[in-house]
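The values are calculated or read from the model by the stated rules, or taken from the named source; none is laboratory data. Small disclaimer: the values here were computed from a predicted structure and weren't measured. Please note: Cβ atoms are built from the backbone with ideal geometry, for glycine as well, and neighbour counts cover all protein chains shown.
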Amino acid sequence: MKCIICGSENIETVDTVISDFVMDRITDDFRPDCGMNRPVKLCFCRDCTFAFYDHRITDEECDRLYDKYRGPEYQKTREKHECWYTEKVNRALNEDELGLREQKRVINEIVKKNMDHELRVSLDYGGNEGRTYFKRIGTKERYVFDISGIPTIKGVKGISDFDELREHEYDFIMCNHLFEHLAEPVEMLERIGSLGNKDTVFYIEVPSENPFTGRNKFSFTKNLRMLADPLFNNIRLATYYLKKRRSPFMPMNEHINFYTVRSMRKLVGSSGFEVIDIEENIERTCLGEQTVLSVLFRRK
Ligand SMILES: [Zn+2]
């Protein structure tokens, strides 16, 4: 086993399985508690501190897992295995204005701190309806790349064909909360990097998580407020955490890559880019606080 970011063989592994929820989404006739969960290894690179699962999700599995993401079918399947994930929680996530506002605040601060020129033409890679845009970015033209072809909001042009993306010269390209889901993050960085020129500034944001240092996206102890939040049913939360205690360590869920400042630096640096700024920030969301990792970079 080699680290998919730095290639090191200095890897620590923990045996676990693919989660019930993911198994149900990617296979037919899945039944929990029947030993059908595929065994996988959660790996930690002792050199660059990147953590990942050895099973790299295939294109077909990816299509099944993210088909109609957070739609009714997704919600029902997820609630079957994670009883706290009710319709109410799913709706709150889909309409998370607080999370969106917080994300814009973080991007605005890092851009304002480091860039003094106008970011006229911008692309949000994987940006759904284009709601992450705000005043400072894309002052002239705003694009979103999203293969789902979902309609974009006013002022943002949606593009669903990758080659069409090359018709524009971008000052700024951002990619939010995608790299934690990807089977091939190095290849994706090269792909996105190929869309820019020597002056293009890139921004990637991911959750700052590391299962090997106990840093999880939504730590339960850190978010005891969930218990007081009417969004959640306390009995369901308790049932879920009891079930989780009986499960193997961190079954593979939607996040298959876990970044740290060090591993993100390595990823960006070894792909021919230089880091302009990298930082960790806390963003509030409807589910509580999450620590995110933001990196701003350009071609070397
Ligand atoms: Zn590594």
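Observations, loosely collected:
- Residue within the stretch 98-113 that is out of contact with any Phe, Trp or Tyr (no Cβ under 9 Å at 6 or more places or on another chain), of a type in the set (Gly, Ala, Ser) and either more than 16 Å from the ligand (Cβ to nearest atom) or not in a loop (DSSP other than H, G, I, E, B) (or both) present: yes
- Whichever residue in the stretch 141-151 is without any contact (Cβ under 8 Å) to a residue 24 or more places away in the chain and not small (Gly, Ala, Ser) and, among such residues, is nearest to residue 63 (Cα to Cα): 147
- Hey, residue 239 assigned to a helix (DSSP H, G or I), farther than 21 Å from residue 99 by Cα and at pLDDT below 95 or not: yes
- For residue 155, the requirement of being on the phi > 0 side of the Ramachandran plot, out of contact with any Ser or Thr (no Cβ under 9 Å at 6 or more places or on another chain) and at pLDDT 95 or above is met.
- Residues of the stretch 252-265 satisfying the condition of being surrounded by fewer than 22 Cβ atoms within 10 Å (Cβ to Cβ) and either over 21 Å from residue 22 (Cα atoms) or within 11 Å of the ligand (Cβ to nearest atom) (or both): 260, 261, 262, 265
- For the stretch 86-106, a residue qualifies if it is among the acidic types (Asp, Glu) and surrounded by 17 or more Cβ atoms within 10 Å (Cβ to Cβ), and exactly one does: 102.
- Any pair with Cβ under 7 angstrom, 6 or more apart, that starts in the stretch 57-82 at a residue that is at positive phi and ends at one that is assigned to a helix (DSSP H, G or I): 68/74; 70/90; 70/93; 70/94
- Filtered residue count, the stretch 7-55, keeping only those that are surrounded by 19 or more Cβ atoms within 10 Å (Cβ to Cβ) and within 16 Å of the ligand (Cβ to nearest atom): 10
- Filter result for the condition that a residue is within 19 Å of residue 66 (Cβ to Cβ) and of a type in the set (Val, Ile, Thr), over 107, 137, 150: 150
- Taken over the stretch 266-286, the criterion of being crowded, with 21+ Cβ neighbours inside 10 Å and hydrophobic (A, V, I, L, M, F, W, C) is satisfied by 267, 268.
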